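Asks: A single structure is presented below for examination.
Every number in this text was worked out from the coordinates using simple rules, so none of it is lab data. Computed from a prediction, not measured in an experiment: that's the story for all the values here. Because the Cβ atoms are built from the backbone with ideal geometry, glycine has one as well, and the counts that use them run over all protein chains shown.
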Amino acid sequence: MTDIGLYQLLDRREDDDGVVETFTSTKHVESLWGPIQHGGPIAALLTRAMDRSTERPESRLTRVTIDILGPVPISEVRVRAQVVRPGKKIELISSVLEAPAPDGSWREYALGSAWRQATQPTGDVVNHANAPRTMPTASNDFGEGIFPDDWMTVGFVSALDVRGGRAGKVEGEHSMAWIKLQQELVAGEVISPLEHLMAIADTTNGVGMRLNPAEFRFLNTEMTVHLYEEPELDWLGIEAETSVGSDGVGMSASVLHMPSGPIGQVAQSVLVERV
């Protein structure tokens, strides 16, 4: 990873609602759909705030939901998190990302919520509903490129290392790709495995979508990630499929893999529009 980062930390302070951090956004947060931020960096930054606000041993975030309230400008952003429902075994955490609106006032643009759950050893009864099927290893000669070539030079996608991929050819057949983030989330800071996963998981709708991007836009308005195994800072495998309904509403879903096997699932609601 380089030291440019998706964001650069400008300020960190505490107020009555907890820690508030202000960041400047770099070129690596840009979406494919115009001069707005991609959902991946937003998801990772909101998750970072929630995970670091309540760190404690023998627990981890097991479900993270991100709601994007509107196109996030490529500008300064500020993020805060708070515990909504404290508890010894489970607690609910929320976060908010704000950015300057056109009139100069700060406005909420994205929300996060997460459940932190206590952990305990259950290695003797492990059962994965998403058994490994045909997810090849992350190698340079794995299939064809999953994204169009012109995507790979734009904003957030240009910050990703995408090892090949395989697009589903028929209805119901999953598309696959192994992806790793090449930039730090916050410049000068070591990214956590969960932050790395959340940034990449948002590409599910791109990996699984088969519509022609020259004819359609397909933006996810939210994302929910469930993790039954703890992620590692390694290649993330996405095995995805996107369904498109008859009235412009879609849903992307994927199984998330580490090289050791499946670890969770992602679901996204997708807004499908003709260009």
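Asks: Please list 3J(HN,Hα) in residue order for region 80-89, calculated via the Karplus relation 6.51 cos²θ - 1.76 cosθ + 1.60 where θ = phi - 60°; whole Hz, with x for glycine and proline.
Replies: 9, 9, 8, 7, 8, 9, x, x, 6, 9
Asks: Run through region 27-62 and list the GluC sites (Glu not before Pro) located in a DSSP loop whose Cβ has at most 10 other Cβ atoms within 10 Å.
Replies: Counting only loop positions with at most 10 other Cβ atoms within 10 Å, the GluC sites (Glu not before Pro) in region 27-62 are 55, 58.
Asks: Then there's this: Spin-label point model (7 Å from Cα, Cβ direction): what's the residue 92 to residue 214 distance in nm?
Replies: 4.7 nm
Asks: Nearest 20 debye, what's the magnitude of the dipole of region 14-53 about its Cα centre given +1 on Lys and Arg Cβ and -1 on Asp and Glu Cβ?
Replies: Charge dipole of region 14-53: 360 debye, to the nearest 20.
Asks: Output needed for the chain: three equivalent-ellipsoid semi-axes, defined as square roots of 5 times the C-alpha gyration tensor eigenvalues, in descending order, whole Å.
Replies: Result for the chain: semi-axes of 27, 24, 17 Å.
Asks: Would you report the distance distribution of C-alpha pairs in region 1-156 as whole percents per 10 angstrom bin, up to the bin with the largest distance?
Replies: 9, 30, 30, 23, 8, 0
Asks: Separate question: What's the magnitude of the charge dipole for the chain around its Cα centre, counting Lys and Arg as +1 and Asp and Glu as -1 at the beta-carbon? Answer in Debye, nearest 20.
Replies: 400 debye
Asks: While we're here: Using r as the Cβ-Cβ distance of residue 119 and residue 182, and R0 as 45 Å, what FRET efficiency do you calculate, to the nearest 0.05?
Replies: It comes out at approximately 0.90.
Asks: Anyone know which of 152, 258, 209 comes out most mobile in the 10 Å Cα GNM of the chain?
Replies: 152
Asks: Relative contact order for the chain: what is it in percent, counting Cα pairs under 8 Å that are at least 6 residues apart?
Replies: Contact order relative to length: 19 percent.
Asks: Now for a separate question. What distance in nm separates the two pseudo spin-label positions at residue 69 and residue 274, each 7 Å out from Cα along the beta-carbon direction?
Replies: Here the answer is 3.3 nm between the modelled labels.
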